[in-house]
Each structure stands twice: as C-alpha cells, then as structure tokens.
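Working notes for the structure below.
The values are calculated or read from the model by the stated rules, or taken from the named source; none is laboratory data. Since the structure is predicted, the reported quantities are computational estimates derived from the model, not experimental observations. Backbone-built Cβ (ideal geometry, glycine too); neighbour counts: all protein chains shown. Protein only, heavy atoms only, side chains kept; ligands, DNA and RNA dropped before computing areas. Shrake-Rupley method; radii C 1.70, N 1.55, O 1.52, S 1.80 Å.
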Amino acid sequence: MSASPAKAYLLHAAVIALLLALGFVLPDYHHGVLARVMVLAVFAMGYNLLFGYAGLLSLGHAMFFGAGLYGAGLTMVHLGWGVVPAFAAGLAAGAALSLAVGFLALRTTGVAFMIVTMMFAQVFYLVIFYFGAWTRGDEGLVIAQAQRRISFAGATLDLTSPSFRYLAALSLFAVVLMITLAVVRSRFGRVLVAIRENEERARMLGFDTFANKLAATVVSGTICAAAGAAYAILFGYVGATFASVQYSILPLLWVLLGGAATTLGPLVGTLLMFYLIDSSGDLLKAWLPDWNVSYLGIVGVALVLLILFFPKGILGTVRQRWVRWLP
C-alpha cells in the first residue's frame with residue numbers, strides 16, 4: 001500500500017519540525033554533532049538516489065562530495081568569494097564532474113561500473129595531491145571565520161555561530177529531503193525503479209535507460225556536492241581525507257543501515273552510525289579501561305546484529321513488515 005502524497009509529505013515535515021525543535025533543547029555537544037549528521041545525511045541521500053532507486057552501486061561518490069568541498073573551499077580561500085557564490089561554485093563543480101563521469105562510467109554495468117567509479121574517485125583523490133600548492137593535501141585548508149558570514153540588507157548571518165550553523169544545516173537537509181521525495185514519487189523516479197528491477201524490460205517499453213541513468217547520476221552527484229560545499233562552509237575545513245575511498249564507502253554503509261530506497265533511511269543510518277561509533281568508544285573506556293580493544297569491534301557486532309534482524313535496513317525492514325506506506 002503506497003502513501004498518499006499528503007501523508008508522505010506530512011511525515012517528512014514532521015521529521016523536519018522535530019529536528020528544528022531539537023536545535024533548541026540539545027546540549028552543545030549533541031547540537032554540533034546533529035548539525036554534522038544532517039549535512040552528511042544529505043550526502044547519503046544523494047548516494048541513495050543512485051544506489052537505492054536506480055540500482056547503480058558506485059564506489060566513487062567521494063569525488064562528488066569532494067568536488068563540492070573544494071569547489072566552495074578553494075574559491076573562498078584563493079579567490080575571496082563569499083558564501084553564496086562559493087556554494088554555487090561547489091554545486092557547479094559537482095554537476096559538471098558527475099555529468100562527465102556518468103557519461104563515461106555508464107557505458108559499463110554491474111561490477112565494472114563499481115570499479116570504474118572507484119578508479120575515477122582515486123584519480124580525483126590523486127589530483128588533490130598533485131595540486132598540493134593550492135589544496136594543501138591532507139593538511140587541508142582552513143576557511144577564515146570572517147569569510148563564513150552572509151551579509152544581506154544590513155543584517156549578518158554568522159555561520160560560525162552554532163545556532164546559525166545548525167539552522168543552515170537543517171535548511172539544506174529539509175530542501176534536499178523534499179526534493180528527493182518529489183523526485184522518487186515522480187515519473188522519473190518510477191522509471192529509475194523500473195530500470196533497477198529490469199533494465200532490459202524498461203528499454204523494451206521505450207524508455208531511454210542511458211539518459212535516465214545519466215540524469216540520476218547528475219542529480220545524485222549534485223546533491224552530494226551540495227553536502228560537500230555546505231560542509232566546507234559550515235565547518236570551515238577542506239581536506240583530502242573527504243575524497244578518499246573511505247568516504248565513498250561510508251554513504252553506502254549509511255544507506256544500507258537506514259534502508260536503501262527509503263527517503264528517510266539515509267538520515268537514520270547516518271545518525272545511528274555516528275552515535276554508535278561515538279558511544280562505543282566511551283563504553284569501552286568505562287567498562288574495559290585496561291584493555292586495548294578497538295571501538296570498531298563493538299560497531300562490527302552491532303552491524304552484524306542489524307543485518308540479521310533488519311536485512312533491508314531499519315526503515316526498509318519496517319516498511320516491509322509493518323508500515324508498508326513508508327516512502
């Protein structure tokens with residue numbers, strides 16, 4: 001049973017309202033963590049559009065996040081651009097890169113597509129070091145606080161302020177969440193699902209599967225670039241680590257945990273993974289202060305349990321077993 005449009009949009013509006021309310025009551029530490037989670041959940045939402053709905057497993061989405069990150073960061077540091085034009089530069093960089101990569105990588109399928117995207121991402125990662133005089137490689141670039149402000153009509157919005165940073169992260173998350181919901185409920189979204197389920201049949205029905213997959217890649221890459229640009233602006237740091245293979249695997253993990261092809265799954269998976277890693281380290285220090293045990297051990301056990309009891313991710317399994325109208 002599918003949800004009516006009003007029911008689906010109401011659910012998403014309620015999630016946004018809850019996050020807004022939490023911004024006023026959370027302690028400072030969790031306030032900052034949740035702002036970071038919302039930005040990275042946008043990254044996961046972009047990945048979910050390609051992987052969850054179009055069925056394309058990419059291991060190169062860190063390059064799109066990195067394109068937005070460096071598109072915004074380099075223009076602010078080296079050209080002195082303001083927040084708005086720098087964010088636009090990050091979006092443009094991500095859109096252009098995803099169009100070029102998609103045009104080439106989508107000529108392959110399956111495992112080959114996964115490997116090709118990973119190779120493109122590795123090239124992007126190495127290019128960052130090749131131009132180390134501007135990017136500073138692993139050391140990275142720090143964006144001055146004075147540049148992370150927006151002046152408009154005599155008022156100044158200081159994105160270095162925790163409150164404004166949280167609201168900016170929430171605004172980006174809310175906009176992308178609603179765009180994602182609209183996309184997946186549209187004709188285009190249904191075509192992507194048809195391609196995921198049986199591309200040959202979709203082609204026989206007259207759909208241009210290459211064009212639709214390319215469009216999905218560009219939309220996905222642009223959303224990931226928006227997350228990267230926002231991360232650079234809101235947290236003031238740009239570094240090569242964010243373009244490494246690890247950052248291509250993380251959104252896949254977040255999406256699988258929360259539920260692939262669910263609009264709210266990326267947020268649930270990102271939130272769970274952040275607090276699982278954070279709390280497991282504290283538990284080990286409290287329970288086993290003399291043991292040299294990695295927090296990843298607890299994370300690994302938790303992930304195995306989740307896979308056993310929630311094989312389609314948390315929201316994916318909830319939708320399958322109990323709430324079938326979840327989008």
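If r is the Cβ-Cβ distance from residue 190 to residue 323 and R0 is 35 Å, what FRET efficiency results, to the nearest 0.05?
Numbers: r = 21 Å, r/R0 = 0.59.
It comes out at approximately 0.95.
Test of understanding: in a Gaussian network model of the chain with alpha carbons linked when under 10 Å, which of 99, 303, 267 would top the mean-square fluctuation ranking?
The residue with the greatest mean-square fluctuation here is 303.
Of 12, 78, which has the most accessible area with a 1.4 Å probe, and how do the rest follow in descending order?
Details: 12 0, 78 90 Å².
Correct descending sequence by accessible area is 78, 12.
Less than 11 Å Cβ to Cβ from residue 325, Lys/Arg counted +1 and Asp/Glu -1: what total charge do the surrounding residues give? Please list the in-between numbers first.
Working: positive: 7, 319, 324; negative: none.
Here the count lands on +3.
Would any residue of region 227-242 have its amide N under 16 Å from a label point 7 Å out along Cα→Cβ of residue 134? List them or say none.
Answer for this model: 238-240.
I need two numbers for region 39-134: Rg to one decimal and Dmax as a whole number, Cα atoms only, in Å.
Considering region 39-134 through its Cα atoms, Rg and Dmax are 14.1, 43 Å.
So what is the 222 nm mean residue ellipticity for the chain from helices alone, if each DSSP H run of at least 4 adds -39500 (n - 2.57) and you divide by all residues, rounding to the nearest 500 deg cm²/dmol? Working shown, then result.
Values: 14 runs with 235 residues, N = 327.
Estimated from H runs of four or more residues: -24000 deg cm²/dmol.
So which residue, out of 38, 178, 76, gets the largest mean-square fluctuation from a GNM of the chain using Cα contacts under 10 Å as springs?
178
Quick one: ranking 242, 124 by accessible area, 1.4 Å probe, largest first, what do you get?
Details: 242 20, 124 45 Å².
Highest to lowest solvent-accessible surface, that is 124, 242.
Expressed in nm to one decimal, what extension gain is obtained for the pair residue 237 and residue 33 from 0.36 nm per residue of sequence separation less their Cα-Cα distance?
Numbers: separation 204, 0.36 × 204 = 73.44 nm, distance 1.56 nm.
Additional length available on full extension: 71.9 nm.
Could you compute how much accessible surface residue 268 exposes when probed at 1.4 Å, giving the result in Å² to the nearest 10?
The accessible area comes out at roughly 40 Å².
Roughly speaking, to the nearest percent, how much of the chain's 1.4 Å accessible area is carbon and sulfur? List each step's numbers first, then the result.
Values: 10750 of 15340 Å².
C and S fraction of accessible area: 70 percent.
What is the distance, in nm, between label points placed 7 Å from the Cα along the Cα-to-Cβ direction at residue 152 and at residue 84?
That separation, rounded to one decimal, is 0.7 nm.
May I ask you to list the residues of region 234-255 whose amide nitrogen lies under 18 Å from a point 7 Å from Cα along the Cα→beta-carbon direction of residue 15?
Backbone N within reach: 251-255.
Quick one: accessible area per residue over the chain, 1.4 Å probe, rounded to a whole number of Å²? Don't skip to the end; give the middle numbers.
Numbers: 15340 Å² over 327 residues.
Here the per-residue accessible area is 47 Å².
Need one number: the % of Cα-Cα pairs in the chain sitting beyond the 32 Å mark. List each step's numbers first, then the result.
On the way: 15545 of 53301 pairs.
Tail of the P(r) past 32 Å holds 29 percent of the pairs.
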